[in-house]
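All remarks here apply to the structure that follows.
A short reminder: the numbers here are calculations on the coordinates, not readings from a lab. Predicted, not measured: the structure shown is a model, and the values here were computed from it. Here the Cβ is made from the backbone with ideal geometry for all residues, glycine too, and neighbour counts use every protein chain on show.
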Amino acid sequence: MNALFILIFILLIIFIHDIYQAKHSIIHNYPIIGHFRYLFEKIGPELRQYFIENNREGLPFNRSQRSYIYASSKKENNNEGFGSDKDFSDPKHFFIESSFFPKKININSVEIPIKPKKIIGANRRNPYQPQSIINISGMSFGALSGAAVDAMNKGAKIANCYQVTGEGGLSKYHCGGADVVFQFGTGYNGVRNGNGSFSLEKLVELVHTHSFIKMIEIKIHQGAKPGAWSVLPKNKLTEEIRITRGLRKGDDSVSPGHHTAFSNTNELVLFIEKISKFTGLPVGIKCAVGKLDGWYELAEIMSKQNIGPDYIVIDGAEGGTGSAKGSFVDHVGLPFAEAFSSVYKIFKEKEIADKVTWIGSGKLGFPAQTIFAMALGCDMINIGRESMMSIGCIQAQQCHLNTCPTGIATQNKWKQSGLNPSLKSVRFYNYLRQLQKDIMEITASCGYNHPSEFKTKDIKINSGEGKPLITLSEYFKYSN
């Protein structure tokens with residue numbers, strides 16, 4: 001009886017509060033029950049993801065894609081039964097042409113990781129030969145928790161691939177034994193002067209102090225938000241992150257939409273050469289793609305002067321981000337296939353495509369998608385959110401709120417405590433190993449020994465309703 005009285009009293013208090021508050025009209029007009037509207041809105045994504053969406057509906061990653069990663073990371077059965085539930089008539093759905101006589105291979109004895117064919121920066125003082133065609137894309141400490149970065153680094157060591165730091169600087173969590181690519185963006189985190197400008201001296205010191213840094217990556221754009229200002233939310237900016245990024249007390253962690261170390265293509269190329277001269281390392285750029293004038297200029301300079309980036313990462317608009325405006329994510333920049341083919345074609349016309357190592361990024365961490373990218377001309381693939389899912393990400397899409405329930409994209413210590421880097425590193429390794437085995441199985445079915453042998457002629461694509469299939473060569477108007 002006392003419990004019932006207490007419940008009625010609480011509901012009466014809520015009722016009175018709801019009527020007199022003016023912030024939410026739904027709650028004012030429908031006291032007590034109006035709260036359920038906000039509850040359902042909050043858990044709506046989870047309800048759709050687990051109970052309503054079919055295997056191919058969800059975005060950014062559908063249930064079928066997530067299941068592949070989760071099953072692979074846990075060494076469970078990642079096969080499908082009864083037949084494909086993919087609609088083969090979907091626009092741009094592609095078909096990989098198998099061989100009349102597949103290669104005879106024992107998939108369990110295939111050498112994993114699959115080593116890329118190219119050496120990056122062969123003319124530099126310290127060229128780099130990656131051991132894996134698939135590596136971890138740049139995701140900053142700050143956007144991700146230290147435990148998540150640590151798990152991926154340890155997993156990368158086991159898998160013999162490299163990890164890109166992201167633009168948040170080199171943290172202690174990147175120092176678990178894997179090869180590392182140091183990335184910096186417009187904020188120059190970790191290699192910045194007090195006024196926020198780029199410091200070559202700090203970069204040189206960083207590289208010489210940490211021999212596991214194998215390459216330098218200049219992030220010009222990010223696929224999900226090219227040219228956008230980026231701010232790490234204050235509730236994620238801990239003292240440890242501030243120190244890692246080289247920020248002064250009271251500074252916000254802001255990455256402007258543009259670089260201050262260079263302002264045009266020629267200055268960019270000279271900047272790259274200067275960094276490589278003083279560090280001895282290969283230097284690459286990561287870019288989204290929109291207008292092509294800068295790419296024509298870059299190809300022209302590289303063709304005539306034989307200088308410029310050793311590798312180029314093309315990041316599709318499908319790529320992930322910890323936080324961005326919806327308009328940028330939805331409408332600015334080209335999706336991967338159109339972005340990559342537009343740039344690669346320019347370099348082919350200048351006959352210098354083979355002088356660059358090409359890396360693709362943007363939802364490519366699946367066997368067929370990797371082969372599609374390599375058929376277009378990629379030498380390697382970087383994966384970001386797929387890596388996150390392999391260590392437990394459930395696509396809650398709360399990265400920008402610091403409320404990630406799995407401890408991956410939050411600085412909440414309690415939630416991070418549920419993420420065991422030693423266990424999750426093995427999950428990442430399992431996923432990467434299975435992904436590469438599946439890639440090699442498709443490669444053998446098409447009569448090839450290495451996925452880099454795929455060409456644009458090997459894949460056909462839906463070109464429109466009622467139209468015949470055409471090859472990637474015909475669709476993108478180049479052959480490789």
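A few notes on this one:
- Exposure proxy ranking for Cys446, Cys393, based on other Cβ atoms within 10 angstrom of each Cβ and starting from the fewest, stands as Cys446, Cys393.
- Cα convex hull of the chain, projected area averaged across orientations, nm²: 27.8 nm²
- Residues in the stretch 375-392 carry Karplus couplings, in order, of 5, 6, x, 5, 9, 8, 9, 10, 10, x, 5, 4, 4, 4, 5, 5, 9, x Hz; the curve used is 6.51 cos²θ - 1.76 cosθ + 1.60 with θ = phi - 60°, and Gly or Pro positions show x.
- Ranked by the mean number of other Cβ atoms within 10 Å of their residues, highest first, the peptides 202-212, 403-413 fall in the order 403-413, 202-212.
- Shown for Ile16, Ile134, Ile272, Ile301: other C-beta atoms within 10 Å of each C-beta, ranked fewest to most, produce the order Ile16, Ile301, Ile272, Ile134.
- Against the compact-protein benchmark of 2.2 N^0.38 Å, the Cα-based radius of gyration of the stretch 126-259 scales to 1.00.
- Alpha carbon convex hull of the stretch 438-480, volume per residue in cubic angstrom: 81 Å³
- In degrees, nearest ten, helix 146-159 long axis to first principal axis of the chain (Cα): 30 degrees
- Of every Cα-Cα pair in the stretch 191-248, the percent that sits beyond 15 Å: 66 percent
- Pairwise label distance in nanometres, Glu76 with Ile119, each label 7 Å out on the Cα-Cβ vector: 4.4 nm
- Model label sites at Asp330 and Asp293, defined 7 Å from Cα along the beta-carbon direction, differ in position by 2.9 nm.
- Amide proton proximity set for Phe141, modelled H, under 5 Å, gap of 5+: Gly168
- Helix-only mean residue ellipticity at 222 nm for the chain, each DSSP H run of n ≥ 4 adding -39500 (n - 2.57), per residue, nearest 500: -11500 deg cm²/dmol
- Long-range HN-HN contacts of Ile383 with modeled amide H, under 5 Å: Asn135, Ile136, Ser137
- For Glu465 and Glu239, the difference between the fully extended length at 0.36 nm per residue and the C-alpha to C-alpha distance is 75.8 nm.
- Using only side-chain charges placed at the Cβ, +1 for Lys and Arg and -1 for Asp and Glu, the dipole size of the stretch 349-442 relative to its Cα centre rounds to 580 debye.
- Net charge dipole, the chain: roughly 880 debye, given to the nearest 20, about the Cα centre with Cβ charges of +1 for Lys and Arg and -1 for Asp and Glu.
- Spin-label model distance (nm) - Leu7 vs Gln21, 7 Å beyond Cα toward Cβ: 2.2 nm
- Dipole orientation for the stretch 234-378: of the candidates Leu376, Gly284, Ala353, Gly284 has the Cα lying most toward the positive pole (charges on Cβ; Lys, Arg +1; Asp, Glu -1).
- Stretched out straight at 0.36 nm per residue, the stretch from Lys277 to Asp87 would grow longer than its current Cα-Cα span by 63.2 nm.
- Only Cα pairs under 8 Å and 6+ residues apart enter the sum, and on that basis the relative contact order of the chain stands at 20 percent.
- One compactness figure for the stretch 218-263 is 1.26, namely its Cα radius of gyration divided by 2.2 N^0.38 Å.
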